[in-house]
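The values are calculated or read from the model by the stated rules, or taken from the named source; none is laboratory data. Note that the structure is a prediction, hence the values are computed from the model and not measured. Note that each Cβ is placed from the backbone with ideal geometry, even for glycine, and that neighbours are counted across all protein chains shown. Only protein heavy atoms, including side chains, enter the accessible area calculation; ligands, DNA and RNA are left aside. Shrake-Rupley method; radii C 1.70, N 1.55, O 1.52, S 1.80 Å.
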Amino acid sequence: MFNPDELSVLGRQIAGLASSFDALPAYRENNNLAQIETVLQALSAKMADNYPYFHPFYLGQMLKPPHPIARLAYSLCLYINPNNHALDGGRATSALEKEAVADIARMFGWLDHLGHLTSGGTFANLEALWVAKNIAPGKSVAASELAHYTHERISRVLDIKFDKIPCDARGRMDVAALETRLREGEIGTVVVTLGTTLAGTLDPLDAILALRKTYDFRIHIDAAYGGYFSLCKMVTADSRRAMASIVQADSIVVDPHKHGLQPYGCGCVLFRDPAVGSYYKHDSPYTYFSSDELHLGEISLECSRPGAAAGALWATQKLLPLTPDGEFAAALQCSRDAAMSLFQWLALDKDCVTVLEPTLDIVLWLMASDSAKKSSALAQTVFDNAAALNLHLALARVPKKLLADKIAPDSAFWDDDDVVCLRVCLMKPAHKTWLPTIQQHLRAAMTAAHADIQTRQPAEVGQDGER
Ligand SMILES: *Cc1c(COP(=O)(O)O)cnc(C)c1O
């Protein structure tokens, strides 16, 4: 789970940091370690009630362990506990935040930008849509039906009209449907998801950008999960074109706490035009702001923010720079390779029907059966069987539409509008080398599920499907 030497490295660096303040009169925190340890022991026992997110056998939800350097850097910063709301509260970490955020902007091809870290993707998206509302008051926000549910909810919070655009059979925003809506003249901003949370699909950003020749609208990219994959070689021409067009967007959200190896509490919002900083400022709305002139509290809706998050991100990017040929990108590539191998293995399995070839590192499949309800029940059984073997998967309801090229929409299979599928996120680079062991356990879980279903009566299977 962790290398105990980590803590001696941390101890040395905390001592070094403490010595920088030697000019102050000696001061020692009054802490009773015996009492602290008693409580920590109770906490440690409680923390055992978790899925093993740190282990390659956990491949369920989008959870990726922070890199050891992020963990250590965060802990080191906590001994100062800076607040990046303002320079007063966090001088050093404010500078580190600007540097780290500029590196993320450069990863997307932006040499100039305005941006900062947030508590997560939700708040980062909220700021982007809030700026969009300021720029085009009264206009609506459009996003694909596979966009993160947060956009619809944020739009309600901000009192912006929300327009849900259908996706095509490949899980990408339907550009023709978007154009029909754009023609009505109501849409002010289109949210383009690069890496949908369900399936990792990319909206066709290049085609959506092309619509700006005819219609006037902003483009906000939600790359909370998928953004870092812009460092990797995409397999299909479609995804290469989408990723290569990011530079032309107006705002971008990416979550360092999703694929950027950070502990939770680290999202990032970027604006291409630094002048949008004026919307954050109430007393002088027409000043021109360059990103260097403002301190972070003036360009963020959140006030107190952890300087430790900036320190951790900065340190991680020092160790693992965001370059296409670096170790960080190579690790992401391992996740993609693992997803592709698992997909190919499942595609050859007569018990499974794969849903979409993976674009990033999410794999989705359903259990072969003669009806959607039975298939859903089987998926639940596979999920339970795998968990009993310590292999942790996830379940997701997949709409009929995304299976159109595998199961005809009018097929007798469809006794339900969607089907429960198995879903895995192969976010840890170690998933690549662990794949053979993972497949062995998965095979056992699927074989047992089929044996189980064959010995039961169809009525029982139906009831299972209601769970
Ligand atoms: C995770 C995610 C979000 C929400 O981000 P949080 O960091 O969980 O608040 C938004 N959009 C997409 C595409 C995501 O994957």
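Accessible surface ranking for Arg443, Arg305, Arg272, 1.4 angstrom probe, highest first: Arg272, Arg443, Arg305.
With all protein chains in place and ligands, DNA and RNA left out, the 1.4 Å accessible area ranks Met1, Met107 as Met1, Met107, largest first. The Stokes-Einstein estimate for the range 196-271, based on a Kirkwood radius over Cα pairs and taken at 10 °C with 1.306 mPa s viscosity, is a diffusion coefficient of 121 µm²/s.
Per-peptide packing, taken as the mean over residues of other Cβ atoms within 10 Å, places 221-227, 77-83 in the sequence 221-227, 77-83 from highest down. Annotated for the range 327-453: lysine pairs at least 8 residues apart or interchain, Cα distance under 29 Å, count 14. Residues His116, His148 ordered from highest to lowest accessible area at a 1.4 Å probe: His148, His116. Fully extending the segment from Arg91 to Arg28, taken as 0.36 nm per residue of separation minus the present Cα-Cα distance, adds 20.3 nm.
Surface composition of the chain: carbon and sulfur atoms hold 56% of the protein heavy-atom accessible area at a 1.4 Å probe. Between Asp49 and Gln248, the FRET efficiency estimated from the beta carbon spacing at R0 = 51 angstrom works out to 0.65. Coupling constants for the range 64-81 follow from the phi torsions by the Karplus curve (6.51 cos²θ - 1.76 cosθ + 1.60, θ = phi - 60°), and in residue order they are 10, x, x, 5, x, 5, 5, 4, 5, 4, 4, 4, 4, 5, 4, 6, 9, 6 Hz; glycine and proline get x. Accessible surface for Cys303 stands near 80 Å², nearest 10, in the context of the full protein assembly shown (1.4 Å probe). Here Lys161 is the anchor, and the aspartates and glutamates within straight C-alpha reach of less than 20 Å, apart from those fewer than 8 places off in the same chain, are Glu127, Glu145, Glu152, Asp174, Glu179, Glu184, Glu186, Asp216, Asp222, Asp250. As a calculated quantity, the FRET efficiency between Ile36 and Ala430 at R0 = 35 Å, using C-beta atoms, amounts to about 0.60. Take the Cα of Arg153, step 7 Å toward its Cβ, do the same at Tyr79, and the gap between the two points is 3.8 nm. For the chain, what are the per-bin percents of Cα-Cα distances with bins 20 Å wide, up to the bin holding the maximum? The distribution over the chain is 22, 51, 24, 2, given as percents. Under a 5 Å amide H cut-off, with hydrogens placed 1.01 Å from N, Ile165 pairs with Ala143, Ser144, Glu145 among residues at least 5 apart or on other chains. In this simple spin-label model, placing a label point 7 Å from the Cα along the Cα-to-Cβ direction at both Asp103 and Val235 gives a separation of 3.0 nm.
For the peptides 40-50, 343-353, 313-323, the ranking by mean Cβ contacts within 10 Å, running from highest to lowest, is 313-323, 343-353, 40-50.
Under the simplified labelling scheme, the Glu357-Thr180 pair shows an inter-label distance of 2.9 nm, with each label point 7 Å from Cα along Cα→Cβ. For Ile187, nonlocal amide neighbours, meaning residues 5 or more places apart or on other chains whose placed amide H falls under 5 Å from its own, are Ser140. With contacts taken as Cα pairs under 8 Å at a separation of at least 6 residues, the range 327-453 carries a relative contact order of 32 percent.
Solvent exposure of the chain, expressed per residue, is 47 Å² of accessible area, with all protein chains present and a 1.4 angstrom probe. For Cys266, the residues whose amide H sits under 5 Å from its own are His257, ignoring neighbours fewer than 5 places away on the same chain, with H placed 1.01 Å from N. Distance from the C-alpha centroid of the range 328-401 to that of the range 51-65: 15 Å, rounded to the whole angstrom. Legend: P(r) of the range 327-453 from all alpha carbon pair distances, 10 Å bins from 0, whole percents, reading 13, 45, 32, 9, 1.
Listed values for the range 361-376 are Karplus-derived 3J(HN,Hα) couplings in whole Hz (6.51 cos²θ - 1.76 cosθ + 1.60, θ = phi - 60°), namely 10, 9, 10, 10, 8, 10, 8, 4, 6, 8, 8, 4, 5, 5, 4, 4, and x replaces Gly and Pro.
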